[in-house]
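To start, the structure under review is shown below, and the notes come after it.
Any read-out appearing in this document is the output of simple, stated calculations on the displayed coordinates, not a laboratory observation. It should be emphasised that the depicted structure is a prediction, and the values quoted were computed from it without experimental measurement. Every residue, glycine as well, gets a Cβ built from its backbone with ideal geometry; the counts of neighbours run over all protein chains shown.
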Ligand code: PMP
């Protein structure tokens, strides 16, 4: 078997060491006589897996004691609705900062559940910038402010955490969690769909402060209630045990790599390599403001779009997979999540240079 370099935006490449461990564990977990998929979520063995996953994530991100970690289902999209349902009271308004497709989706879903103020919308720039906080239209006494630190499609990332906005910060970190150090104490709530930097799709990791949790509504059906889920240790019903187990292995792997500081350094080097190649070429281009460029998702276009199918076909031949850009942006997109080694990015850059020589 030859594993190729998979640049998919998600579900995305997982570390090979994790996949090998999953393969070894699959028929029998430890000496249990059965697979991890076949054991009770209420038993000691899975209890240990779940607790270790949470402890490792807490260590990796330095999650303060007064925050809960939940392992929920329904991906990040479920949180688009559950955040306002849980956090927003009838007399409150929530601020939404829209710097890309996912923030727009979050805002559209939230508007079904409560009152929303659009604080920022960069659609007219083609989602290529992050306006500074002093340009945001903030509401007085907002229940929370929602933003998307990394927009997976446009390839726009907040260079650092936004300054204080008054309201608790709620962040959709689906496509950049664990990719660099993070000050969790700055946030009221963080959520992340798993299928980029954490594990299998469908799982969503949520980190919520006790303060925000205490304010959550308690009139929701329990399966949708953060408070009920927190009280039950995310085991109000049968959780996605397999995804939780894989996430735990990914957290162990990130620790072995040196944690989020080392990942951050590695991710910066990977992204620099690719952006430098794009900027130096004259054949490839990326439209995003330099200080808002994502280190996780790098969209780029070819000077002649009629060459797109040729590029993709030749890239696939060279073992470089899933480079097709999102249909709303066109061109290409290389996703460089934690599991993408720098060799993969070097391979891509070499291929791009060769392609330009041959076709440019
Ligand atoms: N938010 C962001 C930033 C994403 O990239 C995605 C998926 N690509 C989602 C939300 C939606 O995630 P899911 O499909 O798990 O609901």
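With a cut-off of 19 Å on the backbone N, the residues of segment 47-71 near the modelled label site 7 Å out from residue 265 along Cα-Cβ are 60-62. Each of 204, 216 has some number of other Cβ atoms within 10 Å of its Cβ, and from fewest to most they run 216, 204. Each of 52, 137 was scored by other Cβ atoms within 10 Å of its Cβ. Listed from fewest to most, they are 137, 52. You can think of it this way: the chain between residue 342 and residue 108 has 80.5 nm of extra reach, that is 0.36 nm per residue less the Cα-Cα gap. From helices alone, the chain scores -12000 deg cm²/dmol at 222 nm; the rule is -39500 (n - 2.57) for each run of n ≥ 4 DSSP H residues, then divide by the residue total.
Computed from Cα atoms alone, the Kirkwood hydrodynamic radius reported for segment 260-359 is 13.7 Å.
If both residues of a DSSP beta bridge must be in the chain, then about 60% of such bridges are antiparallel.
In percent, what relative contact order does segment 111-175 have, based on Cα pairs under 8 Å that are 6 or more apart in sequence?
Computed over segment 111-175, the figure is 33 percent.
Footprinting exposure proxy ranking of 174, 222, 234, fewest other C-beta atoms within 10 angstrom first, gives 222, 234, 174. Extension gain for residue 51 to residue 183 (0.36 nm times residue separation, less C-alpha to C-alpha distance): 45.3 nm. Counting every C-alpha pair in the chain, the share spaced more than 35 angstrom apart comes to 25%. For the pair residue 235 and residue 32, a Förster radius of 25 Å applied to the C-beta separation gives a FRET efficiency near 0.85, rounded to the nearest 0.05. Set against the 2.2 N^0.38 Å expectation for a compact globular protein, segment 142-286 has a Cα radius of gyration ratio of 1.21.
The length gained on full extension between residue 42 and residue 134, counted as 0.36 nm times the residue separation minus their Cα-Cα distance, comes to 28.2 nm.
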